[in-house]
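J.: Sharing a structure here in structure tokens format.
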Amino acid sequence: MNYRQQFAEKIHSHLEGMVDVNEIISLIEEPKYSTHGDLAFPCFTLARKLKKSPQQIAADLSEKINAPFLEKTVPEGPYLNGFLNKESVSRQVIQQINEKQGNYGSFSIGNGKTITLDFSSPNIAKPFSMGHLRSTVIGNAIANISEKCGYKVVRINHLGDWGTQFGKLITAYKLWGSEEKVRENPIKELFHLYVTFHEKAEKQPDLEDKARSWFKQLEAGNEEASQLWKWFREESLKEFAKIYGLLDIQFDSYDGEAFYNDKMDAVIQVLKAKDLLSVSDGAEVVDLTDENMPPCLIRKKDGATLYATRDLAAALYRRKTYHFEKSFYIVGQEQHLHFQQLFLVLQKMGYDWAAELKHIPFGFILKDGKKMSTRKGKVVLLEDVIKEAIDLAYKNIEAKNPSLVNKQEVAKQVGVGAIIFHDLKHERQNNIEFNLDEMLKFEGSTGLYVQYTHARGRSILRKASVKDDLNIVGLTDSHSWTVIKTLMDFPNVIEKSFQHTEPSVIARYVLNLSQEFNKYYSHVKILSDDAEQNSRLALVNSVTIVLKEGLRLLGVQAPEQL
Ligand code: ARG
């Protein structure tokens, strides 16, 4: 059903193998104006090879080419324009979507190979930040899209559960903490202790020594330190689980930084064996001067390992354990340098697969144009933000459709969907402004608008009670055709979104399809008992299938009713 390809093959068959068919495919465009057809082949590149003018080539090809899927071809200057046969094409598109259902648009380009995705990865004893929210939502969508393209995916939550901050936390807890308070409100209380530590350490530098010594003990496996660490970790994970529950996101692994504790020596041995380590100020580093980058810190003066050391161990472990073909890190752009250094060091170690590691950065979430920060104890608890979105959605439903069944469940789907969709409709590298009221609007580019369009389609289908033995005829009017062409584009959109690791491509697509469907709905009477009713219903069904699948890929649910 790939008409672009079929068109290319037709052209190819009249060129006696002078040009590769793939080259032809890559040249085919969509005409600027729909009145000029559905496909356009520019003949410039052929002109030299055939020693003819592009105009002449277009005219010649147009004479020769015909096929059932083409209504006609027309030379338009140096272009050969193809008009699809609306009747047969629309019938095929609708039939195929109704047959394949949610599998429509799936690919096998991944061939069952594995991609590991490192995303979300919040830090223990600290609030789940807006940055972690972006990583979670973008990472999950890219994982879904990769699966749709035939990859096996491993979703990894690389928890920040190790590092010198745990020495600080233990120190603070032992001086000023209370078990009860931590149990009551773990993240808030632990974070409060952490902030207090920093405030006091400014005037009391010996606190830093205490913290260092606690971290050393933790690394050495001291009983008390390990118990406290374990407890902080568990309490934090319980809190994070609430957020993942609301977002409906699961992970295959929670192996965080601590997991690599006993795996770093091996890394350091390899670095040594390859003569990559040098000493700078007493610390061991990999020098990256030749690459114009600051050195990558591997081990501190006091022997403590670092974030980068653990990431090196993690990369090796993942390669060995999952045999990934590609490995993605969905982490804010402020860590760009860290990942560049990491990839370079792995390359220097001689691992050719280092070329398959990819940092997938994203911008900040802003509030009134300013970065939303969790520093200095100003905690924005994400769980509260999500709950607020759900409450707002609930109030909207109460006001507009009080008799809806499952109001609470739908409110969750709408509230959470609004947050996710708002994030994913922007190109990930851009900063985005956070505004719940905006996100929950019925009109405009919101998740709710797409969910609403889907529910509208479902409601039409309920009223009509579609029969299974659909006798479909092609729909040829301009309103249907616009919708059908967009439906036809879904597989390309998915592929593009995967190639660019850019979920916004799909978000914008479902918005566009929604707009077109709503236009269709306002111009065409769907339920009128004529020969085309079944086909119109099948078209409506196709739209709901594709909208639902598009939203699913983004991590947004599509309620039946709103
Ligand atoms: N925990 C880190 C942070 O909050 C993110 C970890 C990202 N993943 C990684 N493999 N470094 O900044």
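J.: When you scan the stretch 429-450, do you find a residue that is over 19 Å from Phe364 (Cα atoms) and either aromatic (Phe, Trp, Tyr) or out of contact with any helix residue (DSSP H, G or I) (no Cβ under 9 Å at 6 or more places or on another chain) (or both), even just one?
T.: yes
J.: Tally up the residues in the stretch 134-144 that are touching a strand residue (DSSP E or B) at 6+ places or on another chain (Cβ under 7 Å), away from the ligand (no atom under 11 Å from the Cβ) and either under 11 Å from Leu424 (Cα atoms) or modelled with pLDDT under 95 (or both), please.
T.: Within the stretch 134-144, residues that are touching a strand residue (DSSP E or B) at 6+ places or on another chain (Cβ under 7 Å), away from the ligand (no atom under 11 Å from the Cβ) and either under 11 Å from Leu424 (Cα atoms) or modelled with pLDDT under 95 (or both) number 3.
J.: Please find, within the stretch 145-200, the residue that is nearest to Tyr260 (Cα to Cα) out of those that are among the charged types (D, E, K, R) and within 15 Å of the ligand (Cβ to nearest atom).
T.: Going through the qualifying residues, I end up with Asp161.
J.: Next question. Output yes when any residue across the stretch 502-515 is touching an Asp or Glu at 6+ places or on another chain (Cβ under 7 Å) and either at pLDDT below 95 or in a helix (DSSP H, G or I) (or both), and no when none is.
T.: yes
J.: I need every pair where a residue in the stretch 344-369 that is farther than 18 Å from Met293 by Cβ has its Cβ under 6 Å from the Cβ of a residue that is modelled with pLDDT of 95 or more and of a type in the set (Ser, Thr, Tyr), sequence separation at least 6 or different chains.
T.: Between residues of the stretch 344-369 that are farther than 18 Å from Met293 by Cβ and residues that are modelled with pLDDT of 95 or more and of a type in the set (Ser, Thr, Tyr), the close pairs are Ile360/Thr501.
J.: So Lys496 clears everything in (1) under 29 Å from Asn406 (Cα atoms); (2) modelled with pLDDT of 95 or more; (3) of a type in the set (D, E, K, R) except one condition, right? Which one?
T.: Here Lys496 meets the rest and fails (1).
J.: Turning to a different aspect of this structure: From the list Asp290, Asp275, which residue is away from the ligand (no atom under 16 Å from the Cβ), in a helix (DSSP H, G or I) and without any contact (Cβ under 8 Å) to a residue 24 or more places away in the chain?
T.: Working: Asp275 fails: in a helix (DSSP H, G or I).
Of Asp290, Asp275, the one residue that is away from the ligand (no atom under 16 Å from the Cβ), in a helix (DSSP H, G or I) and without any contact (Cβ under 8 Å) to a residue 24 or more places away in the chain is Asp290.
J.: Which of the residues that make up the stretch 323-351 are more than 14 Å from the ligand (Cβ to nearest atom) and not in a loop (DSSP other than H, G, I, E, B)? Full working, then the answer.
T.: Of the stretch 323-351, the ones more than 14 Å from the ligand (Cβ to nearest atom) are 323, 325-326, 344, 347-351.
Selection gives Lys326, Leu344, Gln347, Lys348.
J.: Do you know which residues across the stretch 37-61 are within 43 Å of the chain's Cα centre (by Cα), surrounded by fewer than 18 Cβ atoms within 10 Å (Cβ to Cβ) and modelled with pLDDT of 95 or more?
T.: Pro42 - this is the single residue of the stretch 37-61 that is within 43 Å of the chain's Cα centre (by Cα), surrounded by fewer than 18 Cβ atoms within 10 Å (Cβ to Cβ) and modelled with pLDDT of 95 or more.
J.: Can you pull out the strands (runs of 3 or more DSSP E) entirely within the stretch 70-130 that have at least 1 residues that are crowded, with 19+ Cβ neighbours inside 10 Å and away from the ligand (no atom under 16 Å from the Cβ)?
T.: 70-76, 79-84
J.: Identify, please: which residue in the stretch 388-405 is within 11 Å of Leu562 (Cα to Cα) and in contact (Cβ under 8 Å) with a residue 40 or more places away in the chain and is, among those, surrounded by the most Cβ atoms within 10 Å (Cβ to Cβ)?
T.: Once the filter is applied, the top-ranked residue is Ala393.
J.: Any idea which residue in the stretch 222-272 is farthest from Ile142 (Cα to Cα), counting only those that are polar (S, T, N, Q) and within 14 Å of the ligand (Cβ to nearest atom)?
T.: Looking at residues that are polar (S, T, N, Q) and within 14 Å of the ligand (Cβ to nearest atom), I get Ser236.
J.: Right, another one. Is the stretch 176-193 home to any residue that is of a type in the set (Gly, Ala, Ser) and either touching a Ser or Thr at 6+ places or on another chain (Cβ under 7 Å) or farther than 20 Å from Lys230 by Cβ (or both)?
T.: Checked the stretch 176-193: no residue is of a type in the set (Gly, Ala, Ser) and either touching a Ser or Thr at 6+ places or on another chain (Cβ under 7 Å) or farther than 20 Å from Lys230 by Cβ (or both).
J.: Could you tell me whether Leu487 is in a helix (DSSP H, G or I) and over 20 Å from Arg4 (Cα atoms)?
T.: No; evaluated as a whole, the condition is false for this residue.
J.: Of the residues that make up the stretch 445-458, is at least one closer than 24 Å to Gly102 by Cβ, assigned to a helix (DSSP H, G or I) and aromatic (Phe, Trp, Tyr)?
T.: Yes, that holds for at least one residue.
J.: Scan the stretch 468-484 for residues that are out of contact with any Ser or Thr (no Cβ under 6 Å at 6 or more places or on another chain) and part of a loop (DSSP other than H, G, I, E, B) and jot them down.
T.: Hits for the stretch 468-484 are Asp468, Asp469, Leu470, Asn471, Thr476, Asp477.
J.: Looking only at the stretch 34-70, count every residue that is in contact with a Phe, Trp or Tyr (Cβ under 7 Å, 6 or more places away or on another chain) and either among the hydroxyl-bearing types (Ser, Thr, Tyr) or more than 12 Å from Asn81 (Cα to Cα) (or both) and tell me the total.
T.: Number satisfying all stated conditions: 2.
The values are calculated or read from the model by the stated rules, or taken from the named source; none is laboratory data. What you see is a predicted model, and the numbers here were worked out from it, not measured in a lab. When we count neighbours, we look across all protein chains shown, and the Cβ atoms used for this are built from the backbone with ideal geometry, even at glycine.
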